[in-house]
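One structure is given here, and the rest of the page talks about it.
The values are calculated or read from the model by the stated rules, or taken from the named source; none is laboratory data. Predicted model only: the values in this text are computed from it and were never measured. Positions of Cβ are backbone-derived with ideal geometry, glycine not excepted, and every protein chain shown enters the neighbour counts.
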Amino acid sequence: MTVVAFMIFPAKTNNFNVESLRGHAVTKALRDTINDIQQKIGKRMYDICLSGHLPDASDLLHKDDTVRLKRCIYSLQRDGLPPITTHNVVDDWSDPVLNSIRRCELFNTVNDKVKVIFHPEFLTSTNPLFGLDYEEFVRGCHLGVFPSYYEPWGYTPAECTVMGIPSITTNLSGFGCFMQEHIADPMSYGIYVVDRRYISLEGSVQQLAQYMFDFTKLTRRQRIIQRNRTERLSDLLDWRNLGIYYRQARAEALKIVYPDYVDHMDQELGKRFNYPRPISEPPSPTHSIRHERQSSEPEKKDEECQTSDSQNDVQKKNLINLQKSLEILDINDDGDDPSIEVSFEKPNFTESEHEHYRTPNENFLEGLNEAVAEQIDQLISKLQDCADGN
């Protein structure tokens, strides 16, 4: 297995690297040549099989095709090592990233199991080397590594999470702390949180290296399962949820400036998110630690809210049916005494609504009493009008 590490962040450059542009042009020519030969082989195979014969290798790949492939392969040969950077970095002898690469001897040799590509520029679709947007590039990677020493929030690991890419962050970033607070076992969801607060620097480096090494040992099936789990966390990062904390921070700031400010927003909304540890076994990665389940009190509140919402919907339907079923005050003027006829029709309830009538809750009884009281008031008002008319 070969690990290719892309380092994407801006640095001072003066132009593209000539070797990088040459390598990009050669690989593009090889790809175009193979696609052209592939189409020709398919057409030849179809023609030979259509005539009732089985094709031989010599019938499919002609000599001119072999010559074209040899030319492309020879053009890929180089005397030195491939470049590490895609640009010419200004004062590369003093660049800390390049100096660290030299110190670790990551020169992209043939026998190196770890290849490094330093792209000192943000990605755009107009880039002549990649030709990809940042979102497309991220989706093509397997793991995002963002071991920040301090970051108030950290959009890069959050963007990876939304796109279903596992990422490595730290407990000194807002994103890492947020995930540790709301997820029982972040590692099972593809969120690796490096401890940079309570252990030494060397311990953090060893932990980061162990996380990346464990990720390389995952099978393809385990990586797919983990990516699906990671993408489930996109709801947690939706603005409908994150906006709650923004409004809470705004309310706290207003209270400091204006002590008499009263916040009518429900402060409990920000505590309602809790993702348990996945049930599937074996866990991925293998060193994932099972934490104790967080308090289920917020989840109970969610269930109660959902139950009350469904009950309120049933109550509304019942009251509407009751109001429609009451045909009030059909006054007959025949005779001396006016007679008042009040007819009730049986509501057309569904089976679930009928069951709800048999076991009503307190809220429904209150609403039913109010509806009946209102109808009685209307009835009395009509009676008074009839008495006044006589």
Handout entry: Selected residue [buried (at least 17 other Cβ atoms within 10 Å of the Cβ) and more than 24 Å from Thr216 (Cβ to Cβ)] from Glu151, Glu181, Glu135
Key = Glu151
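Yes/no per residue for (1) touching a helix residue (DSSP H, G or I) at 6+ places or on another chain (Cβ under 8 Å); (2) more than 24 Å from Ala11 (Cα to Cα); (3) modelled with pLDDT of 95 or more:
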residue	(1), (2), (3)
Thr126	no, no, no
Trp153	yes, no, no
Asp185	no, yes, no
Ala209	no, yes, yes
Exercise for the section: Report yes if some residue within the range 169-178 is within 25 Å of Pro96 (Cα to Cα), surrounded by fewer than 20 Cβ atoms within 10 Å (Cβ to Cβ) and among the hydrophobic types (A, V, I, L, M, F, W, C); otherwise report no. Expected result: yes
Practice task
Residue by residue through the range 190-211, note down the ones that are in contact (Cβ under 8 Å) with a residue 40 or more places away in the chain, assigned to a helix (DSSP H, G or I) and crowded, with 16+ Cβ neighbours inside 10 Å.
Solution key: Ser204, Leu208, Tyr211
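For every residue, the table says whether it meets (1) under 17 Å from Leu208 (Cα atoms); (2) assigned to a helix (DSSP H, G or I); (3) of a type in the set (A, V, I, L, M, F, W, C); (4) touching a strand residue (DSSP E or B) at 6+ places or on another chain (Cβ under 7 Å).
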{"position": "Ala158", "(1), (2), (3), (4)": "no, yes, yes, no"}
{"position": "Phe178", "(1), (2), (3), (4)": "no, yes, yes, no"}
{"position": "Glu181", "(1), (2), (3), (4)": "no, yes, no, no"}
{"position": "Ser188", "(1), (2), (3), (4)": "yes, yes, no, no"}
Practice task
Please work out which residue is farthest from the chain's Cα centre (by Cα), limiting yourself to the range 28-60 and to residues that are surrounded by fewer than 14 Cβ atoms within 10 Å (Cβ to Cβ) and among the hydroxyl-bearing types (Ser, Thr, Tyr).
Solution key: Ser51
Practice task
Starting from residues that are touching a residue at least 60 places away in the same chain (Cβ under 8 Å) and among the polar types (S, T, N, Q), keep the ones in the range 212-236 and report whichever is farthest from Leu143 (Cα to Cα).
Solution key: Ser234
Handout entry: Among the residues listed as Asn108, Asn99, the single one being more than 34 Å from the chain's Cα centre (by Cα) and polar (S, T, N, Q)
Key = Asn99
